[in-house]
Amino acid sequence: DAKTTQPPSMDCAEGRAANLPCNHSTISGNEYVYWYRQIHSQGPQYIIHGLKNNETNEMASLIITEDRKSSTLILPHATLRDTAVYYCIVRSQGGSEKLVFGKGTKLTVNP
Amino acid sequence: SAVISQKPSRDICQRGTSLTIQCQVDSQVTMMFWYRQQPGQSLTLIATANQGSEATYESGFVIDKFPISRPNLTFSTLTVSNMSPEDSSIYLCSVRGRGHSYEQYFGPGTRLTVT
């Protein structure tokens, strides 16, 4: 079973920031938080990952709480092309490579 | 990142037949993964395929139903055998990134419909 909990759906206005929450209260010390998204009819796309520090790349920012029990993926200026299902996944590095996908959050960006 | 292609992109097959799905990567990779996404559902790992060794199957998936080949470091095939309508899904392959961050990169998927 997935170790994360995400809201099933969210809406965001185009040009505004999209903040997608994820709860991972049972995360272990060696587990990272990964985010992927799946645009309709495409394969999942890796977005970002982190351990405990906040991370930023060209796609998004990842904010992880100090106790690491939750995180937020931030798309700073959402566009219509960001409409997708977003998956938050926790896994350790160096162990099983398996990705366990939960149900994710369906983000709809509205014009 | 890695560029991954899959063939066919979609197919409609009759029950009882088999379909082989190909996955090609633009670079050499050690580990390849096969996932299934049933209609309206999330992704489920079928098996992990390492070059030169037998694939490792997840609980609920067996080699007789989903035989996998991994002849070299850039190519793999997944066969869906003796198909039934319940096998109608999107089948995706993925590979691990070349860096140390263990992210995976996915192919576009093969949409299979079994009638």
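The values are calculated or read from the model by the stated rules, or taken from the named source; none is laboratory data. Bear in mind that the values here come from a model prediction, so they are computed numbers and not experimental data. In this analysis, Cβ positions are derived from the backbone assuming ideal geometry, glycine residues included, and neighbour counts consider all displayed protein chains. To get the accessible areas, we keep the full protein, side chains included, count just its heavy atoms, and leave off ligands, DNA and RNA. Shrake-Rupley method; radii C 1.70, N 1.55, O 1.52, S 1.80 Å.
Observations on the model:
- Of the peptides A:62-70, B:89-97, the ranking by mean beta-carbon count within 10 Å, highest at the top, reads B:89-97, A:62-70.
- FRET efficiency, 1/(1 + (r/R0)^6) with R0 25 Å, evaluated for residue A:42 and residue B:86 via beta carbons: 0.60
- For the residue pairs A:52/A:103; A:3/A:98; A:106/B:65; A:3/A:52, the C-alpha atoms sit more than 20 angstrom apart in A:52/A:103; A:106/B:65.
- Within chain A, percent of DSSP bridges classed antiparallel, to nearest 5: 85 percent
- Chain A: projected area of the alpha-carbon convex hull, averaged over directions, in nm²: 6.7 nm²
- Contact order for chain A, expressed relative to its length and based on alpha carbon pairs under 8 Å spaced 6+ residues apart, stands at 38 percent.
- Mean partner shielding of peptide A:102-108, defined as the number of other chain Cβ atoms within 10 Å of each residue Cβ, is 1.
- Its residue count N fixes a reference of 2.2 N^0.38 Å for chain B, and the Cα radius of gyration divided by that reference is 1.00.
- Buried accessible surface for the A/B chain pair comes to about 1500 Å², total over both chains, computed with a 1.4 Å probe.
- Spread over its residues, the convex hull of the C-alpha atoms of the protein assembly as shown is 121 Å³ per residue.
- Accessible area (Å², per residue) of the protein assembly as shown, counting only protein heavy atoms and a probe of 1.4 Å: 49 Å²
- At least 50 Å² accessible surface lost relative to isolated chain, residues of the range B:43-61 (1.4 Å probe): B:43
- Charges were assigned to the Cβ only: +1 to each Lys and Arg, -1 to each Asp and Glu. The resulting dipole of the protein assembly as shown about its Cα centre is roughly 160 debye.
- Two-site FRET efficiency, residue A:5 against residue B:3, from Cβ-Cβ distance with R₀ of 35 Å, rounded to 0.05: 0.60
- Residue-averaged beta-carbon neighbours from other chains (10 angstrom radius) around B:90-98: 2
- Multiplying the residue separation of residue B:38 and residue B:51 by 0.36 nm and removing their Cα-Cα distance gives an extension gain of 2.0 nm.
- Dipole moment magnitude, nearest 20 debye, the range B:52-115 about Cα centre, only Lys, Arg, Asp, Glu C-beta charged: 260 debye
- Its Cα centre serving as origin, the range B:1-90 has a Cβ charge dipole (Lys and Arg +1, Asp and Glu -1) of approximately 140 debye.
- Chain A, accessible surface, carbon-and-sulfur percent (1.4 angstrom probe): 48 percent
- Shielded residues, the range A:18-47 - accessible-area loss of 30 Å² or more between chain alone and all protein chains, probe 1.4 Å: A:36, A:38, A:41, A:43, A:44, A:46
- Rg ratio (alpha-carbon, reference 2.2 N^0.38 Å) - the range A:69-111: 1.45
- Theoretical FRET efficiency, 1/(1+(r/R0)^6), r = Cβ-Cβ of residue B:20 and residue A:92, R0 25 Å, to 0.05: 0.15
- Apolar share of the accessible surface for the range B:1-97: 46 percent from carbon plus sulfur atoms, 1.4 Å probe.
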